[in-house]
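Scroll down for the structure; my scribbles are underneath it.
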Amino acid sequence: MSANGPEIRELTDPADLDKLTRVFDDVWHPDPANRPVSVDMLRALSHAGNYVAGAFVGDRLAGGSVAFFAAPVGTTLHSHMTGVSRIGRGHNVGSALKMHQRGWALARGITTITWTFDPLVARNAYFNIAKLGAAPIAYHRDFYGDLGDELGGGDESDRLLMSWALDVPLPEPTDETVDDVVGAGGRMGIETTGEVPKAIAESGSPVVIPVPRDIEAMRRTDPVAASHWRTAVRDALAPHFASDTAAAAPATRFLRSGHYVVAADE
């Protein structure tokens, strides 16, 4: 391990790439017939000059990230997968991978990294938006279709498309609360007092959209409730990102308490 955390390095050797597929298996627990990436695909991507990197805690591969060049050509990298195994938890592996990927991209003249994530996963939303400063620019319903992995719990694979501008500083931490937003005129975008959460149509004010604290646990213990949350968050969040273009996407924050704050519609 390096003095400042895990060691991040690019992977090209098939043996290391095989270990990386096993890390991803440990994270997503996919159907063996539908693994998210294969060794030959990773080998092709790395050989073609794309980003395939692993994070080592000691001498053990504890996480990894895979990205490829995307449109607009010469300016954008699309990060397809970033995962941290159980042995990497508590070592800031996810953050180290993203910072390494950022430096790698900047060294090649890339100014934007995009990726998708499940908008119901609060810890990822906080990391992506509050810590990295990436911006949601589009909402895609059932983006991948049926993934068949344990982590998704059989839910539809809705995704937020993120865009991370690399030529601006990382955001400063904030202690903003829901009460602060509501006190300044914000309105709740989901009603949670009934039997199931339901989206509330709002416009003209910042909209506060809560998500479950741990949707992955909910999918295991109460998949019906998790499905209701998928519908409510989709109905509340997707209309704000209907244009599918970065220029038209509203400014969006994510609070430590597990709430999106979407800027007022113009």
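The values are calculated or read from the model by the stated rules, or taken from the named source; none is laboratory data. Keep in mind it's a predicted model, so treat the numbers as computed, not measured. Cβ: placed from backbone, ideal geometry, glycine included. Neighbour counts: every protein chain shown. To get the accessible areas, we keep the full protein, side chains included, count just its heavy atoms, and leave off ligands, DNA and RNA. Shrake-Rupley method; radii C 1.70, N 1.55, O 1.52, S 1.80 Å.
Set side by side, the residues Ile129, Ile137 differ, and just one is under 24 Å from Ala238 (Cβ atoms), in a helix (DSSP H, G or I), in contact with a strand residue (DSSP E or B) (Cβ under 7 Å, 6 or more places away or on another chain) and open to solvent by less than 50 Å² (accessible area, probe 1.4 Å), which is Ile129. The set of residues in region 182-202 being part of a loop (DSSP other than H, G, I, E, B), open to solvent by less than 80 Å² (accessible area, probe 1.4 Å) and farther than 21 Å from Arg230 by Cα consists of Gly185, Gly186. If I go through region 219-266 residue by residue, how many of them are assigned to a helix (DSSP H, G or I) and of a type outside the set (Gly, Ala, Ser)? Within region 219-266, residues that are assigned to a helix (DSSP H, G or I) and of a type outside the set (Gly, Ala, Ser) number 16.
Identify the single condition in (1) open to solvent by less than 60 Å² (accessible area, probe 1.4 Å); (2) within 24 Å of Gly145 (Cα to Cα); (3) touching a Ser or Thr at 6+ places or on another chain (Cβ under 9 Å); (4) touching a residue at least 60 places away in the same chain (Cβ under 8 Å) that Ala226 does not satisfy, given that it satisfies every other one. Looking at each condition in turn, Ala226 falls short on (3). Check region 110-117 and report whether any residue there is more than 16 Å from the chain's Cα centre (by Cα), modelled with pLDDT under 95 and farther than 24 Å from Thr12 by Cβ. Looking for residues that are more than 16 Å from the chain's Cα centre (by Cα), modelled with pLDDT under 95 and farther than 24 Å from Thr12 by Cβ, one finds none in region 110-117, hence no. Of all the criteria given as (1) more than 15 Å from Glu10 (Cβ to Cβ); (2) among the hydrophobic types (A, V, I, L, M, F, W, C); (3) in contact (Cβ under 8 Å) with a residue 12 or more places away in the chain; (4) open to solvent by 60 Å² or more (accessible area, probe 1.4 Å), the one not satisfied by Phe68 is (1).
A single member of Ile137, Ile200, Ile190 is under 19 Å from the mean Cα position of the chain (by Cα) and among the β-branched types (Val, Ile, Thr), and it is Ile137. Within region 11-30, the set of residues being under 21 Å from the mean Cα position of the chain (by Cα) and either open to solvent by 50 Å² or more (accessible area, probe 1.4 Å) or free of Cβ contacts under 8 Å to residues at least 24 places away in the same chain (or both) comprises Thr21, Arg22, Asp25, Trp28, His29.
Each residue in region 31-47 was checked for being without any contact (Cβ under 8 Å) to a residue 12 or more places away in the chain and either charged (D, E, K, R) or over 30 Å from Ala217 (Cα atoms) (or both), and 3 of them qualify. Taken together, the residues in region 71-120 that are touching a residue at least 40 places away in the same chain (Cβ under 8 Å) and in a loop (DSSP other than H, G, I, E, B) amount to 8. Quick one: would you say Gly63 is outside any helix (DSSP H, G or I), in contact with an Asp or Glu (Cβ under 9 Å, 6 or more places away or on another chain), crowded, with 19+ Cβ neighbours inside 10 Å and not aromatic (Phe, Trp, Tyr)? No, not satisfied.
In the condition set (1) open to solvent by 70 Å² or more (accessible area, probe 1.4 Å); (2) closer than 22 Å to Arg220 by Cα; (3) assigned to a loop (DSSP other than H, G, I, E, B); (4) not acidic (Asp, Glu), Thr174 is compliant with all but (2). Run down Arg213, Arg253, Arg234 and say which single residue is open to solvent by 80 Å² or more (accessible area, probe 1.4 Å), within 20 Å of Trp115 (Cβ to Cβ) and at pLDDT 95 or above. Just a single option satisfies the conditions, and that option is Arg253. For region 99-126, the tally of residues that are open to solvent by 50 Å² or more (accessible area, probe 1.4 Å), under 30 Å from Pro223 (Cβ atoms) and not charged (D, E, K, R) stands at 1.
Within region 156-205, being closer than 22 Å to Ala246 by Cβ and among the basic types (Lys, Arg) holds for one residue alone: Arg159.
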